[in-house]
Amino acid sequence: MKGESRYLWTHGITPRKFDVVPACDPESPAAVTSDLSNHSNLTLSRRGTRTSLTFRKVRRTPCDCGYPSGCDSQQPTAPPSPPSLPRSQTDASRLEEEFVHRVYEEIAGHFSSTRHSPWPRVCDFLSSLEPGSILADVGCGNGKYLGVNPEVIAVGCDRSSALVQICSERGFQAFVSDALNVPLRSDACDACISIAVIHHLSTQERRQAVVEELARLLRPGGRALIYVWAVEQEYNKQKSKYLKETRHGPTDDSTDHNNQESKRLTGNATDAYNTAQDTSGISMGCTKSPL
């Protein structure tokens, strides 16, 4: 490699189980029989252990290359200080604007390309809805859940206008909205979902307010499903590989959804309010009870 490919490109091995390769000896244990009629000279080869090597040249003097964004020598000497905890609603709003909203606007395209596999338990919930049900997906992202059940009337909202535009391009109904104040009538929805959204709110009060907003949207007897991430989540008594000390959340959908431990809570909407502070790292289902 040379030029910008050495400095600005990211490289990796796609986590596939098979590769399409030129046909080899059919008796080879790596060869897998498959119907590749349109490419008779190709076959599937089962992947074994693959190793990627990166070679670096040690410099004895500061670098002045033309790629400062990827150059250690041209980075600020002191790392930026971490944000302080919010002390007011204004602080919380400013923190989320800088570290959540702006980020999603910038990475919307890449983010959408890695969010393509709906989670099975969310699909089960959506498939259980009656035909004609009204569904609100609060924090819908690229809309990957809006088309799971074509027999329901689904509408999504997201804080990122870039992600809402992607929803529109995919033929889904979506609009820009903050999860704290969704411009839909109270008691209008048969079901609501909020998948991997609430943990983006920076205070417990704001996270609980989103749960209350979801309950407001539900008609009596309506159901909601909420998923959030948590530092304390474990699977098979081991800390999730996506939550090591230097990581605070998953980066894409390539992992099996079951790598996170899921627990289910049931109860009425009031229970949902009271347990919002404990929903970190779990899935929570609730049904809105009539007053």
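For region 38-61, does any single residue satisfy the condition of being in contact with a Ser or Thr (Cβ under 8 Å, 6 or more places away or on another chain), at pLDDT below 80 and of a type outside the set (Phe, Trp, Tyr)? Yes: one or more hits. I want to confirm something. Restricting to region 85-109 and keeping residues that are within 16 Å of Arg206 (Cα to Cα) and among the basic types (Lys, Arg), which single residue is surrounded by the most Cβ atoms within 10 Å (Cβ to Cβ)? Restricting to residues being within 16 Å of Arg206 (Cα to Cα) and among the basic types (Lys, Arg), the top hit is Arg94. Total residues in region 141-184 satisfying the condition of being among the acidic types (Asp, Glu) and either modelled with pLDDT under 95 or in contact with a strand residue (DSSP E or B) (Cβ under 9 Å, 6 or more places away or on another chain) (or both): the figure is 2.
So, in region 167-181, of the ones that are aliphatic (A, V, I, L, M) and crowded, with 22+ Cβ neighbours inside 10 Å, which residue ends up nearest to Leu85 (Cα to Cα)? The selected residue is Ala179. Listed by first and then second residue, the pairs with beta-carbon distance under 7 Å, at least 6 apart or on different chains, first residue in region 205-225 and over 17 Å from Gln89 (Cα atoms), second part of a strand (DSSP E or B) and of a type in the set (D, E, K, R), are Arg219/Asp190; Gly222/Asp190.
Of all residues in region 47-84, count the ones that are in contact with a Cys (Cβ under 9 Å, 6 or more places away or on another chain) and loosely packed, with under 10 Cβ neighbours inside 10 Å. Summing the residues that are in contact with a Cys (Cβ under 9 Å, 6 or more places away or on another chain) and loosely packed, with under 10 Cβ neighbours inside 10 Å in region 47-84 gives 2. Residues in region 16-37 that are at pLDDT 75 or above, over 26 Å from Arg6 (Cα atoms) and in a loop (DSSP other than H, G, I, E, B): Lys17, Ala23. Exactly one of (1) touching a helix residue (DSSP H, G or I) at 6+ places or on another chain (Cβ under 6 Å); (2) at pLDDT 80 or above; (3) aromatic (Phe, Trp, Tyr) is unmet by Tyr7. Its number? The number of the failed condition is (2).
The values are calculated or read from the model by the stated rules, or taken from the named source; none is laboratory data. Note that the structure is a prediction, hence the values are computed from the model and not measured. So basically every Cβ, Gly included, is an ideal-geometry build from the backbone, and we count neighbours across all protein chains shown.
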